[in-house]
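Reviewing the structure listed below.
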Amino acid sequence: MSVSAPKRSRTGILLSLIAVLALAVIALVDIPQQGEPYSPTSTASTGTRALAQILKNHGVDVSEVSPLEAMDSADTDTTLVIDPSFYAPTEVTEDLVNSRATIVVLGDSSSMYDFGFEGYTESFPPIPVAAKCQDPDAQEARGISPLSLAFRPDRERDVTGCFPQLGGYGWVQFTSNPKISLILDPTFLTNEYLADHGNAAFAMRKLGTQPKVLWVSGDYWESEMRTTPQWAGLPTWFYPLLVGLVLTALWWAFYRGRRFGKLVAEPMPVVVPASEADAGRGQLYHRGRATEHAARALRAGTISRVARGRLSPTSPREVVVDVLARVSGRDPSAIDALFYSLPITSDADLSRLADQLDEFEREINDR
């Protein structure tokens, strides 16, 4: 066991903790995202993330949902912000109205007609527009900017309006149902303009009246056809955290896994030269009256040591003789006799063979 093993173990644990902490921070940090125009998760100039963040800071829960999800979640303590991208059948719109939720329709789209706003649009160059109405929220804001569209109702008595321009209004709500309102040009709600004039004040007062805001966007049919996975209810930070933990586990398994390093010699009481080991093996054969086996063992051991990679254990006899003759400079017939043909039938023969092989090996090594 290495002396530095405890130190390496402590270092590994420290690195693992740092990796887990870093991955957890990456998973939990709310990374800014580019998204669709008016999306509450978009940090682009046309997004509304700044507004969503202000609402959250004031205790309002803000989430972006599909029309199908809005039908299941809308109730009296909810504000539904109908995004310009909203598209749904009339029955869905009626269900949302019947939920008694506060509804703010954004944009000049078919949605305003589905929610009952009958009239037409007046357009003009973007300008700041003063409140000029009795609505307390508009009076607090005093004005919004920029505004380039105004809603002109077919029947003036059906709606209450603020921010008038060209006979229309930048914001209107039903006289009979004040919980439903329309902002025809929501540009002043975006990240780029929210800090201007009274934009933030008006937006907060109109969208922050309930503890929950559902930003309803997208096509109802697409959301209905989309299969909802079993894990859809998990928080959004769960998935990157799970990936981080899996990667950390794999890294830890790799770090702790068996690794083969450089081979080192273990301390041993005695280091026995290979030639002495062969001689000892020969003596064992001799004691067992196996002189021929002993001779073969001595010869094979010498061949393997002096060949130095030139020969394999299966090399033919003539190849061995030729290689050893060239290496030693001896006559091939003498090599053949020493390693093959010379008969070994007695202890004396075996002893002489061992001496001759040892002399041959020293001769080769001295070259």
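Scan region 84-97 for residues that are closer than 15 Å to residue 215 by Cα, assigned to a helix (DSSP H, G or I) and not aliphatic (A, V, I, L, M) and jot them down. Within region 84-97, just 93 meets the criteria. The single condition from (1) within 16 Å of residue 214 (Cα to Cα); (2) among the basic types (Lys, Arg); (3) in contact with a Phe, Trp or Tyr (Cβ under 9 Å, 6 or more places away or on another chain) that residue 100 fails is (3). Listed by first and then second residue, the pairs linking a residue in region 88-100 that is without any contact (Cβ under 8 Å) to a residue 24 or more places away in the chain and farther than 12 Å from residue 68 by Cβ to a residue that is surrounded by 15 or more Cβ atoms within 10 Å (Cβ to Cβ) and among the acidic types (Asp, Glu), with Cβ atoms under 6 Å apart and 6 or more places separating them unless they lie on different chains, are 93/114.
Where residues in region 146-197 are of a type in the set (Gly, Ala, Ser) and either touching a Ser or Thr at 6+ places or on another chain (Cβ under 9 Å) or within 20 Å of residue 113 (Cα to Cα) (or both), which of them is surrounded by the most Cβ atoms within 10 Å (Cβ to Cβ)? Show your work before the answer.
Looking only at region 146-197, we keep the residues that are of a type in the set (Gly, Ala, Ser), and these are 148, 150, 161, 167-168, 170, 176, 181, 195.
With either touching a Ser or Thr at 6+ places or on another chain (Cβ under 9 Å) or within 20 Å of residue 113 (Cα to Cα) (or both) added as a condition, the list becomes 148, 150, 161, 167-168, 170, 176, 181.
On the way: 148: 16, 150: 25, 161: 22, 167: 10, 168: 21, 170: 27, 176: 10, 181: 22.
The selected residue is 170.
Figure legend. Inter-residue proximity from region 116-139: first residues touching a residue at least 12 places away in the same chain (Cβ under 8 Å), second residues in a loop (DSSP other than H, G, I, E, B) and surrounded by fewer than 15 Cβ atoms within 10 Å (Cβ to Cβ), beta-carbon distance below 7 Å, spacing 6+ or different chains. Indicated pairs: 118/154; 119/154; 122/166; 122/167; 124/166; 130/142; 131/142. Screening residue 103 on (1) within 22 Å of residue 152 (Cβ to Cβ); (2) not in a strand (DSSP E or B) shows it passes everything except condition (2).
Yes/no matrix, rows are residues, columns are (1) in a strand (DSSP E or B); (2) farther than 17 Å from residue 207 by Cβ:
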residue: 108; (1), (2): no, yes
residue: 116; (1), (2): no, yes
residue: 124; (1), (2): yes, yes
residue: 129; (1), (2): yes, yes
residue: 134; (1), (2): no, yes
residue: 140; (1), (2): no, no
residue: 148; (1), (2): yes, yes
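Of all residue pairs spaced 6 or more apart or on separate chains, those with beta-carbon atoms under 9 Å, a first member in region 345-356 that is assigned by the TED database to the domain that holds residue 291 and outside any helix (DSSP H, G or I) and a second member that is exposed (fewer than 14 other Cβ atoms within 10 Å of the Cβ) and not basic (Lys, Arg) are 345/292. Applying a threshold of 7 Å to beta carbon distances and a minimum spacing of six or more residues, or different chains, the list of pairs starting in region 50-76 at a residue that is under 10 Å from residue 213 (Cα atoms) and ending at one that is loosely packed, with under 13 Cβ neighbours inside 10 Å reads 60/211; 61/211. Across region 336-367, the qualifying residues are those that are over 16 Å from residue 296 (Cβ atoms) and aliphatic (A, V, I, L, M), and the one among them that is surrounded by the most Cβ atoms within 10 Å (Cβ to Cβ) is 364.
Taken over region 47-58, the criterion of being closer than 12 Å to residue 188 by Cβ and in a loop (DSSP other than H, G, I, E, B) is satisfied by 48 alone.
The values are calculated or read from the model by the stated rules, or taken from the named source; none is laboratory data. As the structure is a prediction and not an experimental result, all values here were calculated from the model. FYI the Cβ positions are ideal-geometry reconstructions off the backbone, even for glycines, and counts take in every protein chain you see.
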